[in-house]
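Chemist: Below is the structure I would like to discuss, written out as C-alpha coordinates.
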Amino acid sequence: MSLFIKNIKALVTCDSNDTVLEHVNLFIEDGLIKYLGTEVFEAEEFIDGKDMIVYPGLINTHHHLYQTFTRNLPQVQNMELFDWLITLYEIWKGITPEVIRYSSLVGMGELMKNGCTTCFDHHYVFPAGTKGNLIDVQFEAAKELGIRMHASRGSMSLSKKDGGLPPDSVVQTIDEILDDSERLIKKYHNKDHNSMTQIALAPCSPFSVTGELMKESAVLARKYGVRLHTHLAETKDEENFTLSQFNMRPLDYMESLGWIGEDVWFAHGIHFNDEELKVLAKTKTGVAHCPISNMKLSSGIARIPEMIELDIPVGLAVDGSASNDGSNLLEEIRTAYLLHRLQSSRNAPSGYDILKLATNGSARVLGRNDLGSIEVGKAADLFMIRTNRLEFVGTQYDPKSVLATVGVKGPVDYTVINGKIVVKDKELVNIDEEAISAKANEVVDKLIKRNC
Ligand SMILES: [Zn+2]
(Lines give C-alpha, C1' and ligand atoms only; values in the text may rest on other atoms or scores of the structure.)
Protein backbone atom coordinates (compact mmCIF):
# COMPACT_ATOMS: atom_id res chain seq x y z
CA MET A 1 0.00 0.00 0.00
CA SER A 2 1.42 3.42 -0.98
CA LEU A 3 0.20 7.02 -0.75
CA PHE A 4 1.62 10.17 -2.32
CA ILE A 5 0.62 13.61 -0.98
CA LYS A 6 1.75 16.34 -3.35
CA ASN A 7 2.56 20.02 -2.88
CA ILE A 8 1.55 20.36 0.76
CA LYS A 9 1.06 24.02 1.69
CA ALA A 10 2.57 23.56 5.18
CA LEU A 11 3.72 20.42 6.97
CA VAL A 12 4.14 20.81 10.73
CA THR A 13 6.52 17.97 11.55
CA CYS A 14 6.67 18.33 15.38
CA ASP A 15 10.25 17.01 15.09
CA SER A 16 12.94 17.96 17.62
CA ASN A 17 13.87 21.04 15.56
CA ASP A 18 10.23 22.15 15.25
CA THR A 19 10.56 22.10 11.47
CA VAL A 20 7.72 23.40 9.29
CA LEU A 21 8.10 22.50 5.60
CA GLU A 22 6.33 24.37 2.80
CA HIS A 23 5.40 23.15 -0.70
CA VAL A 24 6.69 19.71 0.08
CA ASN A 25 5.75 16.21 -1.15
CA LEU A 26 5.25 13.23 1.16
CA PHE A 27 5.55 9.58 0.14
CA ILE A 28 4.22 6.75 2.32
CA GLU A 29 4.71 3.03 1.77
CA ASP A 30 3.90 -0.04 3.88
CA GLY A 31 2.62 2.10 6.75
CA LEU A 32 5.78 4.18 7.08
CA ILE A 33 6.89 7.65 6.02
CA LYS A 34 9.45 6.99 3.28
CA TYR A 35 10.21 10.40 1.79
CA LEU A 36 9.79 14.15 2.39
CA GLY A 37 10.99 16.56 -0.29
CA THR A 38 10.39 17.71 -3.86
CA GLU A 39 10.62 14.41 -5.75
CA VAL A 40 7.52 12.85 -7.30
CA PHE A 41 6.48 9.21 -6.68
CA GLU A 42 4.02 6.80 -8.28
CA ALA A 43 1.59 5.49 -5.66
CA GLU A 44 -1.69 3.59 -5.36
CA GLU A 45 -3.41 6.57 -3.70
CA PHE A 46 -2.95 10.29 -4.19
CA ILE A 47 -3.95 13.45 -2.28
CA ASP A 48 -3.45 16.98 -3.56
CA GLY A 49 -1.90 18.95 -0.67
CA LYS A 50 -2.55 22.38 -2.19
CA ASP A 51 -4.12 24.63 0.49
CA MET A 52 -3.65 21.85 3.06
CA ILE A 53 -1.78 21.88 6.38
CA VAL A 54 -0.53 18.45 7.46
CA TYR A 55 0.02 17.55 11.12
CA PRO A 56 1.22 14.39 12.89
CA GLY A 57 -1.73 12.28 14.09
CA LEU A 58 -2.99 13.20 17.57
CA ILE A 59 -2.57 10.60 20.31
CA ASN A 60 -5.10 10.17 23.08
CA THR A 61 -3.66 9.02 26.41
CA HIS A 62 -6.81 8.50 28.51
CA HIS A 63 -10.39 7.57 27.66
CA HIS A 64 -13.33 5.40 28.74
CA LEU A 65 -15.03 4.64 25.46
CA TYR A 66 -18.04 2.95 27.09
CA GLN A 67 -18.96 6.32 28.63
CA THR A 68 -19.83 7.58 25.17
CA PHE A 69 -23.22 6.04 25.98
CA THR A 70 -23.70 7.96 29.26
CA ARG A 71 -23.10 11.55 28.21
CA ASN A 72 -25.35 14.55 28.66
CA LEU A 73 -27.36 12.73 31.34
CA PRO A 74 -29.29 15.36 33.32
CA GLN A 75 -28.97 13.61 36.70
CA VAL A 76 -25.17 14.03 36.96
CA GLN A 77 -24.58 17.45 35.41
CA ASN A 78 -24.19 19.23 38.72
CA MET A 79 -21.97 16.69 40.49
CA GLU A 80 -18.30 16.30 41.37
CA LEU A 81 -16.33 13.07 40.92
CA PHE A 82 -17.37 10.82 43.84
CA ASP A 83 -21.15 11.48 43.65
CA TRP A 84 -20.93 11.43 39.84
CA LEU A 85 -19.26 7.98 39.96
CA ILE A 86 -21.66 6.53 42.54
CA THR A 87 -24.66 7.61 40.41
CA LEU A 88 -23.20 6.38 37.11
CA TYR A 89 -21.99 2.99 38.43
CA GLU A 90 -25.70 2.08 38.66
CA ILE A 91 -25.98 2.48 34.88
CA TRP A 92 -22.54 1.15 34.03
CA LYS A 93 -23.20 -2.14 35.80
CA GLY A 94 -25.58 -2.90 32.88
CA ILE A 95 -22.96 -2.66 30.12
CA THR A 96 -22.77 -5.55 27.65
CA PRO A 97 -20.46 -6.56 24.78
CA GLU A 98 -22.93 -4.79 22.47
CA VAL A 99 -22.51 -1.55 24.46
CA ILE A 100 -18.73 -1.94 24.23
CA ARG A 101 -18.81 -2.60 20.48
CA TYR A 102 -20.96 0.39 19.54
CA SER A 103 -19.52 2.85 22.07
CA SER A 104 -16.05 1.93 20.81
CA LEU A 105 -17.05 2.51 17.18
CA VAL A 106 -18.68 5.83 18.06
CA GLY A 107 -15.96 7.12 20.40
CA MET A 108 -13.01 6.09 18.25
CA GLY A 109 -14.81 7.22 15.10
CA GLU A 110 -15.22 10.69 16.59
CA LEU A 111 -11.55 10.73 17.63
CA MET A 112 -10.46 9.86 14.07
CA LYS A 113 -12.74 12.47 12.50
CA ASN A 114 -10.90 15.01 14.63
CA GLY A 115 -7.35 14.05 13.77
CA CYS A 116 -6.63 11.34 16.33
CA THR A 117 -4.69 8.33 15.06
CA THR A 118 -3.88 6.43 18.28
CA CYS A 119 -6.45 5.71 20.97
CA PHE A 120 -5.60 4.61 24.48
CA ASP A 121 -8.64 3.35 26.34
CA HIS A 122 -9.03 2.62 30.05
CA HIS A 123 -11.81 0.06 30.43
CA TYR A 124 -12.37 -1.05 34.01
CA VAL A 125 -16.08 -2.05 34.31
CA PHE A 126 -16.58 -5.81 33.97
CA PRO A 127 -20.09 -6.54 35.30
CA ALA A 128 -20.58 -9.95 36.89
CA GLY A 129 -22.11 -12.45 34.50
CA THR A 130 -21.19 -10.50 31.35
CA LYS A 131 -20.55 -12.94 28.57
CA GLY A 132 -17.86 -12.09 26.04
CA ASN A 133 -14.43 -10.60 26.34
CA LEU A 134 -14.92 -6.86 26.44
CA ILE A 135 -11.36 -5.84 25.55
CA ASP A 136 -11.36 -8.20 22.55
CA VAL A 137 -14.53 -6.46 21.36
CA GLN A 138 -12.70 -3.10 21.56
CA PHE A 139 -9.81 -4.40 19.46
CA GLU A 140 -12.27 -5.69 16.84
CA ALA A 141 -13.91 -2.25 16.65
CA ALA A 142 -10.50 -0.54 16.34
CA LYS A 143 -9.53 -2.87 13.49
CA GLU A 144 -12.79 -2.21 11.70
CA LEU A 145 -12.21 1.56 11.88
CA GLY A 146 -8.47 1.34 11.12
CA ILE A 147 -7.24 3.14 14.27
CA ARG A 148 -4.09 2.33 16.23
CA MET A 149 -5.25 0.96 19.57
CA HIS A 150 -3.65 0.84 23.01
CA ALA A 151 -6.23 -0.88 25.19
CA SER A 152 -5.83 -1.45 28.88
CA ARG A 153 -7.06 -4.22 31.09
CA GLY A 154 -8.60 -2.04 33.76
CA SER A 155 -10.09 -3.42 36.94
CA MET A 156 -11.96 -2.79 40.17
CA SER A 157 -11.59 -4.99 43.24
CA LEU A 158 -12.63 -2.81 46.21
CA SER A 159 -16.42 -2.54 46.50
CA LYS A 160 -18.62 -0.56 48.86
CA LYS A 161 -18.71 -3.34 51.45
CA ASP A 162 -14.87 -3.21 51.70
CA GLY A 163 -14.67 0.58 51.94
CA GLY A 164 -14.44 1.38 48.22
CA LEU A 165 -16.80 3.28 45.93
CA PRO A 166 -18.17 0.81 43.29
CA PRO A 167 -21.08 -1.61 43.85
CA ASP A 168 -20.32 -5.32 44.42
CA SER A 169 -21.56 -6.41 40.98
CA VAL A 170 -18.75 -4.68 39.07
CA VAL A 171 -15.72 -5.79 41.10
CA GLN A 172 -13.67 -8.92 40.37
CA THR A 173 -11.19 -11.05 42.27
CA ILE A 174 -7.45 -10.51 41.85
CA ASP A 175 -7.09 -13.90 40.15
CA GLU A 176 -9.82 -13.17 37.58
CA ILE A 177 -8.23 -9.81 36.80
CA LEU A 178 -4.64 -11.05 36.53
CA ASP A 179 -5.57 -14.11 34.43
CA ASP A 180 -7.44 -11.99 31.90
CA SER A 181 -4.63 -9.40 31.93
CA GLU A 182 -2.04 -12.05 31.06
CA ARG A 183 -4.27 -13.51 28.33
CA LEU A 184 -4.68 -10.07 26.73
CA ILE A 185 -0.97 -9.25 26.90
CA LYS A 186 -0.14 -12.52 25.12
CA LYS A 187 -2.81 -11.99 22.49
CA TYR A 188 -2.45 -8.28 21.66
CA HIS A 189 0.73 -6.71 23.03
CA ASN A 190 2.88 -6.10 19.97
CA LYS A 191 6.15 -4.25 20.64
CA ASP A 192 7.25 -4.01 16.98
CA HIS A 193 7.96 -0.73 15.20
CA ASN A 194 4.64 0.61 13.84
CA SER A 195 2.64 -1.74 16.10
CA MET A 196 -1.15 -1.34 15.79
CA THR A 197 -2.07 -2.98 19.11
CA GLN A 198 -0.67 -2.70 22.60
CA ILE A 199 -1.87 -3.44 26.13
CA ALA A 200 -1.43 -1.62 29.44
CA LEU A 201 -2.54 -2.74 32.89
CA ALA A 202 -4.81 -0.22 34.57
CA PRO A 203 -6.45 -0.84 37.96
CA CYS A 204 -9.00 1.96 38.17
CA SER A 205 -8.05 4.21 41.11
CA PRO A 206 -6.89 4.13 44.75
CA PHE A 207 -10.53 4.15 45.93
CA SER A 208 -11.76 1.26 43.75
CA VAL A 209 -8.96 -1.32 43.94
CA THR A 210 -6.93 -2.88 46.73
CA GLY A 211 -3.25 -2.16 47.28
CA GLU A 212 -2.59 -5.83 46.67
CA LEU A 213 -4.09 -5.65 43.15
CA MET A 214 -1.95 -2.58 42.39
CA LYS A 215 1.19 -4.43 43.54
CA GLU A 216 0.39 -7.63 41.66
CA SER A 217 -0.50 -5.71 38.50
CA ALA A 218 2.87 -3.96 38.61
CA VAL A 219 4.69 -7.28 38.95
CA LEU A 220 2.79 -8.76 35.99
CA ALA A 221 3.25 -5.64 33.82
CA ARG A 222 6.99 -5.63 34.43
CA LYS A 223 7.27 -9.34 33.67
CA TYR A 224 5.98 -8.62 30.15
CA GLY A 225 7.24 -5.05 29.67
CA VAL A 226 3.81 -3.42 29.43
CA ARG A 227 2.89 -0.03 30.89
CA LEU A 228 0.91 0.79 34.02
CA HIS A 229 -1.87 3.34 34.23
CA THR A 230 -4.40 4.59 36.79
CA HIS A 231 -6.29 7.69 37.90
CA LEU A 232 -4.33 9.78 40.40
CA ALA A 233 -4.45 13.16 42.12
CA GLU A 234 -7.73 13.96 40.39
CA THR A 235 -9.62 15.36 43.38
CA LYS A 236 -9.18 16.48 46.97
CA ASP A 237 -11.69 13.73 47.91
CA GLU A 238 -9.20 11.14 46.63
CA GLU A 239 -6.41 12.79 48.62
CA ASN A 240 -8.57 12.68 51.76
CA PHE A 241 -9.33 9.00 51.05
CA THR A 242 -5.67 7.90 50.89
CA LEU A 243 -4.76 10.10 53.86
CA SER A 244 -7.52 8.60 56.01
CA GLN A 245 -7.12 4.99 54.80
CA PHE A 246 -3.33 4.70 54.45
CA ASN A 247 -1.99 7.85 56.12
CA MET A 248 -0.28 8.74 52.86
CA ARG A 249 -0.82 11.26 50.11
CA PRO A 250 -1.84 9.64 46.77
CA LEU A 251 1.63 9.68 45.17
CA ASP A 252 3.33 8.33 48.32
CA TYR A 253 0.74 5.56 48.38
CA MET A 254 1.42 4.65 44.72
CA GLU A 255 5.16 4.75 45.32
CA SER A 256 4.72 2.34 48.25
CA LEU A 257 3.05 -0.11 45.81
CA GLY A 258 5.82 0.09 43.20
CA TRP A 259 3.81 2.39 40.94
CA ILE A 260 6.40 4.94 39.91
CA GLY A 261 8.82 5.13 37.00
CA GLU A 262 8.93 5.68 33.25
CA ASP A 263 6.57 2.76 32.59
CA VAL A 264 3.80 4.43 34.65
CA TRP A 265 1.47 7.29 33.73
CA PHE A 266 -1.35 8.80 35.73
CA ALA A 267 -4.60 10.29 34.45
CA HIS A 268 -5.20 13.91 35.61
CA GLY A 269 -2.37 14.58 38.11
CA ILE A 270 -4.00 17.78 39.32
CA HIS A 271 -3.18 17.97 43.02
CA PHE A 272 0.56 17.24 43.09
CA ASN A 273 2.63 19.50 45.38
CA ASP A 274 6.10 20.86 44.55
CA GLU A 275 7.92 17.87 46.04
CA GLU A 276 5.73 15.43 44.14
CA LEU A 277 6.38 17.20 40.83
CA LYS A 278 10.11 16.74 41.49
CA VAL A 279 9.54 13.01 42.11
CA LEU A 280 7.65 12.69 38.82
CA ALA A 281 10.44 14.55 37.00
CA LYS A 282 13.20 12.45 38.53
CA THR A 283 11.48 9.14 37.85
CA LYS A 284 10.00 10.20 34.45
CA THR A 285 6.54 9.14 35.59
CA GLY A 286 3.97 10.49 33.11
CA VAL A 287 0.69 12.40 33.25
CA ALA A 288 -2.35 12.37 30.93
CA HIS A 289 -3.77 15.89 30.96
CA CYS A 290 -7.59 16.02 30.52
CA PRO A 291 -8.54 19.71 30.70
CA ILE A 292 -12.21 19.51 29.66
CA SER A 293 -13.00 16.68 32.09
CA ASN A 294 -11.20 18.53 34.89
CA MET A 295 -13.24 21.65 34.21
CA LYS A 296 -16.54 19.77 33.86
CA LEU A 297 -16.13 17.94 37.18
CA SER A 298 -14.66 21.00 38.93
CA SER A 299 -11.62 18.89 39.83
CA GLY A 300 -8.98 21.61 39.45
CA ILE A 301 -6.24 22.70 37.04
CA ALA A 302 -3.19 20.48 36.47
CA ARG A 303 0.17 22.25 36.85
CA ILE A 304 1.08 21.79 33.19
CA PRO A 305 3.46 24.80 32.80
CA GLU A 306 5.59 23.50 35.70
CA MET A 307 5.42 19.93 34.38
CA ILE A 308 6.69 21.04 30.95
CA GLU A 309 9.44 23.09 32.63
CA LEU A 310 10.52 20.05 34.67
CA ASP A 311 10.41 17.74 31.59
CA ILE A 312 7.78 15.47 33.14
CA PRO A 313 6.26 13.33 30.34
CA VAL A 314 2.83 14.87 29.63
CA GLY A 315 0.29 13.77 27.03
CA LEU A 316 -3.15 15.12 26.18
CA ALA A 317 -6.41 13.20 26.58
CA VAL A 318 -10.17 13.54 26.31
CA ASP A 319 -11.08 11.31 29.33
CA GLY A 320 -14.40 9.46 29.25
CA SER A 321 -17.35 11.02 27.51
CA ALA A 322 -19.42 11.12 30.70
CA SER A 323 -17.15 13.97 31.84
CA ASN A 324 -16.34 15.66 28.54
CA ASP A 325 -18.89 14.98 26.77
CA GLY A 326 -17.16 13.95 23.56
CA SER A 327 -14.04 12.45 21.97
CA ASN A 328 -12.35 15.37 20.26
CA LEU A 329 -8.66 16.07 20.85
CA LEU A 330 -8.74 19.20 18.68
CA GLU A 331 -11.21 20.66 21.14
CA GLU A 332 -8.95 19.54 23.98
CA ILE A 333 -5.98 21.36 22.39
CA ARG A 334 -7.83 24.66 22.22
CA THR A 335 -9.31 24.28 25.69
CA ALA A 336 -5.92 23.40 27.22
CA TYR A 337 -4.38 26.41 25.57
CA LEU A 338 -7.04 28.81 26.84
CA LEU A 339 -7.24 27.28 30.33
CA HIS A 340 -3.52 27.69 30.95
CA ARG A 341 -3.48 31.18 29.45
CA LEU A 342 -6.13 32.11 32.02
CA GLN A 343 -4.34 30.38 34.87
CA SER A 344 -0.68 31.18 34.11
CA SER A 345 -0.57 34.15 31.71
CA ARG A 346 3.02 34.61 30.45
CA ASN A 347 4.09 31.26 31.87
CA ALA A 348 1.42 29.39 29.91
CA PRO A 349 2.40 26.95 27.15
CA SER A 350 2.13 28.32 23.59
CA GLY A 351 -0.39 26.92 21.12
CA TYR A 352 2.40 24.89 19.57
CA ASP A 353 3.51 23.59 22.99
CA ILE A 354 0.00 22.18 23.45
CA LEU A 355 0.06 20.58 19.97
CA LYS A 356 3.33 18.91 20.98
CA LEU A 357 1.69 17.51 24.13
CA ALA A 358 -0.97 15.90 21.92
CA THR A 359 1.61 14.46 19.48
CA ASN A 360 5.11 13.62 20.70
CA GLY A 361 4.25 14.25 24.36
CA SER A 362 1.51 11.63 24.20
CA ALA A 363 3.78 9.28 22.21
CA ARG A 364 6.37 9.53 24.98
CA VAL A 365 3.75 8.77 27.64
CA LEU A 366 2.71 5.63 25.74
CA GLY A 367 6.34 4.63 25.16
CA ARG A 368 6.14 4.99 21.36
CA ASN A 369 9.20 6.52 19.70
CA ASP A 370 7.80 5.59 16.28
CA LEU A 371 4.81 7.95 16.68
CA GLY A 372 4.23 11.65 17.35
CA SER A 373 6.12 13.39 14.53
CA ILE A 374 6.36 13.35 10.74
CA GLU A 375 9.85 12.11 9.91
CA VAL A 376 11.23 9.53 7.51
CA GLY A 377 11.03 6.08 9.11
CA LYS A 378 8.19 6.92 11.50
CA ALA A 379 4.70 5.46 11.36
CA ALA A 380 2.55 7.16 8.71
CA ASP A 381 -0.08 8.73 10.99
CA LEU A 382 -1.25 12.24 10.09
CA PHE A 383 -4.21 14.50 9.47
CA MET A 384 -4.91 17.29 7.04
CA ILE A 385 -6.83 20.56 7.24
CA ARG A 386 -7.98 22.48 4.17
CA THR A 387 -7.24 26.16 4.78
CA ASN A 388 -8.93 27.82 1.80
CA ARG A 389 -12.08 28.31 3.82
CA LEU A 390 -13.64 31.41 5.23
CA GLU A 391 -12.94 30.48 8.86
CA PHE A 392 -9.18 30.34 8.18
CA VAL A 393 -8.82 33.73 6.52
CA GLY A 394 -5.94 35.61 8.13
CA THR A 395 -4.60 32.62 10.07
CA GLN A 396 -1.70 31.75 7.74
CA TYR A 397 1.16 33.21 9.78
CA ASP A 398 1.64 30.39 12.27
CA PRO A 399 0.46 26.90 11.23
CA LYS A 400 2.15 25.43 14.34
CA SER A 401 -0.19 27.24 16.73
CA VAL A 402 -3.39 27.67 14.75
CA LEU A 403 -5.07 24.52 16.14
CA ALA A 404 -4.88 26.05 19.63
CA THR A 405 -5.26 29.77 18.95
CA VAL A 406 -7.96 29.73 16.26
CA GLY A 407 -9.05 26.11 16.59
CA VAL A 408 -10.62 23.79 14.07
CA LYS A 409 -14.35 23.37 14.53
CA GLY A 410 -15.70 20.35 12.79
CA PRO A 411 -14.06 17.27 11.34
CA VAL A 412 -10.68 17.33 9.61
CA ASP A 413 -10.46 16.78 5.85
CA TYR A 414 -8.25 13.68 5.94
CA THR A 415 -6.89 11.34 8.57
CA VAL A 416 -4.26 8.77 7.61
CA ILE A 417 -3.32 5.90 9.95
CA ASN A 418 -0.63 3.35 9.21
CA GLY A 419 -0.44 4.80 5.70
CA LYS A 420 -4.14 4.26 4.97
CA ILE A 421 -6.76 6.96 4.43
CA VAL A 422 -9.36 6.41 7.17
CA VAL A 423 -11.13 9.80 7.05
CA LYS A 424 -11.75 11.35 3.63
CA ASP A 425 -13.61 14.62 3.05
CA LYS A 426 -14.54 14.66 6.76
CA GLU A 427 -16.15 11.22 6.83
CA LEU A 428 -15.01 7.83 8.08
CA VAL A 429 -13.99 5.59 5.20
CA ASN A 430 -14.41 2.13 6.74
CA ILE A 431 -17.86 2.26 8.34
CA ASP A 432 -21.29 3.55 7.36
CA GLU A 433 -21.60 6.42 9.85
CA GLU A 434 -25.35 6.82 9.50
CA ALA A 435 -26.12 3.13 9.97
CA ILE A 436 -23.73 2.78 12.92
CA SER A 437 -25.16 5.93 14.58
CA ALA A 438 -28.72 4.63 14.28
CA LYS A 439 -27.84 1.22 15.70
CA ALA A 440 -25.70 2.80 18.44
CA ASN A 441 -28.60 4.99 19.57
CA GLU A 442 -30.80 1.89 19.93
CA VAL A 443 -28.13 0.32 22.15
CA VAL A 444 -27.83 3.53 24.23
CA ASP A 445 -31.59 3.51 24.76
CA LYS A 446 -31.54 -0.09 25.94
CA LEU A 447 -28.74 0.68 28.42
CA ILE A 448 -30.34 3.82 29.86
CA LYS A 449 -33.91 2.46 30.01
CA ARG A 450 -32.75 -0.75 31.68
CA ASN A 451 -32.23 1.37 34.80
CA CYS A 452 -35.48 3.32 34.68
ZN1 LIG B 1 -10.82 8.73 33.56
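Chemist: Cα to Cα, under 20 Å, and not fewer than 8 places away if on the same chain: which lysines meet these conditions relative to Lys420?
Modeler: Lys6, Lys34, Lys50, Lys113, Lys143, Lys378
Chemist: Using a Förster radius of 25 Å, what is the FRET efficiency between Asn347 and Leu243 based on their Cβ-Cβ separation? Nearest 0.05, please.
Modeler: After rounding to 0.05, the efficiency reads 0.25.
Chemist: Follow-up. Would you please state the base-10 log of I(q)/I(0) at q = 0.15, 0.21 1/Å for region 6-146, with intensities from the Debye formula using one equal scatterer on every alpha carbon?
Modeler: Debye output, listed in q order: -0.85, -1.26.
Chemist: Find, among the trypsin sites (Lys or Arg not before Pro) in region 51-135, those assigned to loop by DSSP (not H, G, I, E, B) with at most 13 other beta-carbon atoms within 10 angstrom.
Modeler: In loop regions of region 51-135 (DSSP not H, G, I, E or B), the sparsely surrounded trypsin sites (Lys or Arg not before Pro) are Lys131.
Chemist: According to a simple spin-label model (label point 7 Å from Cα along Cα-to-Cβ), what is the distance in nm between Tyr224 and Val406?
Modeler: Output for this residue pair reads 4.5 nm.
Chemist: For all pairs of alpha-carbon atoms in the chain, what percent lies in each bin of width 10 Å, listed from the first bin to the last filled one?
Modeler: P(r) over the chain, rounded to whole percents: 4, 22, 33, 26, 12, 3, 0.
Chemist: Indicate the gyration tensor shape class of region 308-348 (rounded, prolate or oblate), computed on the Cα atoms with a ≥ b ≥ c the square roots of the eigenvalues: a/c under 1.5 is rounded; otherwise a/b larger than b/c is prolate and the rest oblate.
Modeler: Cα axes put region 308-348 in the oblate bin.
Chemist: Also, quick follow-up: Please work out the average accessible area per residue across the chain, using the 1.4 Å probe convention, and give it in Å².
Modeler: Result: 39 Å² per residue.
Chemist: Continuing with this model, one more query. Give the long-range amide H neighbours of Tyr35: residues separated by 5 or more places, or on another chain, with amide H under 5 Å away, using H modelled in the peptide plane at 1.01 Å from N.
Modeler: Phe27
Chemist: Now a separate question. Using every pair of alpha-carbon atoms in region 1-80, split the distances into 10 Å bins beginning at 0 and state the percent of pairs per bin, rounded to integers.
Modeler: 15, 35, 17, 16, 14, 2
Chemist: Just in region 320-405: which chymotrypsin sites (Phe, Trp or Tyr not before Pro) are loop by DSSP and have at most 11 other Cβ atoms within 10 Å?
Modeler: For chymotrypsin sites (Phe, Trp or Tyr not before Pro) across region 320-405 that sit outside H, G, I, E and B with at most 11 neighbouring Cβ atoms in 10 Å, the list reads Tyr397.
Chemist: Any chance you could check the Cα centroid distance between region 9-23 and region 80-110 for me, in angstrom?
Modeler: Centre-to-centre (Cα) distance: 39 Å.
Chemist: Extension gain Asp192-Ile421, at 0.36 nm per residue separation less the Cα-Cα distance, in nm?
Modeler: Difference between extended and current length: 80.3 nm.
Chemist: So for region 321-425, Kirkwood radius off the Cα pairs, Stokes-Einstein at 10 °C and 1.306 mPa s: how many µm² s⁻¹?
Modeler: 105
Chemist: Can you send over the carbon and sulfur percentage of the accessible area for region 275-334, probe radius 1.4 Å, protein chains only?
Modeler: Solvent-exposed carbon and sulfur of region 275-334 make up 52 percent of the total.
Chemist: So what's region 138-243 giving for Rg/Rh, alpha carbon basis, Kirkwood Rh from the mean inverse pair distance?
Modeler: Computed over Cα atoms, the ratio is 1.02.
Chemist: Modelled label-to-label distance, Glu433 and Asp370, 7 Å Cα→beta-carbon offset: nm?
Modeler: Calculated label separation equals 3.0 nm.
Chemist: Can I ask one more? Please report, ordered by residue number, every helix of the chain (full DSSP H runs) that is 18 Å or longer along its axis going by C-alpha atoms and whose mean Kyte-Doolittle hydropathy reaches -0.5.
Modeler: Those that pass (Cα extent of 18 Å or more, hydropathy at least -0.5) are 97-113, 211-224, 329-344, 433-450.
Chemist: Lys50 to Asn17: extension gain in nm, 0.36 nm per residue of separation minus the Cα-Cα distance?
Modeler: Net length gain for the segment: 9.5 nm.
Chemist: Which three semi-axes in whole Å describe the equivalent ellipsoid of region 180-301, each the square root of 5 times a Cα gyration tensor eigenvalue, listed largest first?
Modeler: 25, 17, 14
Chemist: Given R₀ = 56 Å, what would the calculated FRET efficiency be for Arg450 paired with Glu39, taking r from the Cβ atoms and rounding to 0.05?
Modeler: E(calc), rounded to 0.05, equals 0.45.
Chemist: Let me ask something additional. Which parts of region 92-109 would a label at Lys131 reach, counting a residue when its backbone N lies under 19 Å from a point 7 Å out along Cα-to-Cβ?
Modeler: Within reach of a label on Lys131, which here means backbone N under 19 Å from a point 7 Å along Cα→Cβ, region 92-109 contributes 94-102.
The values are calculated or read from the model by the stated rules, or taken from the named source; none is laboratory data. Keep in mind it's a predicted model, so treat the numbers as computed, not measured. As a convention, Cβ positions derive from the backbone with ideal geometry for all residues, glycine included, and neighbour counts pool all protein chains shown. In case anyone asks, the SASA skips ligands and DNA or RNA and just uses the protein heavy atoms, side chains included. Shrake-Rupley method; radii C 1.70, N 1.55, O 1.52, S 1.80 Å.
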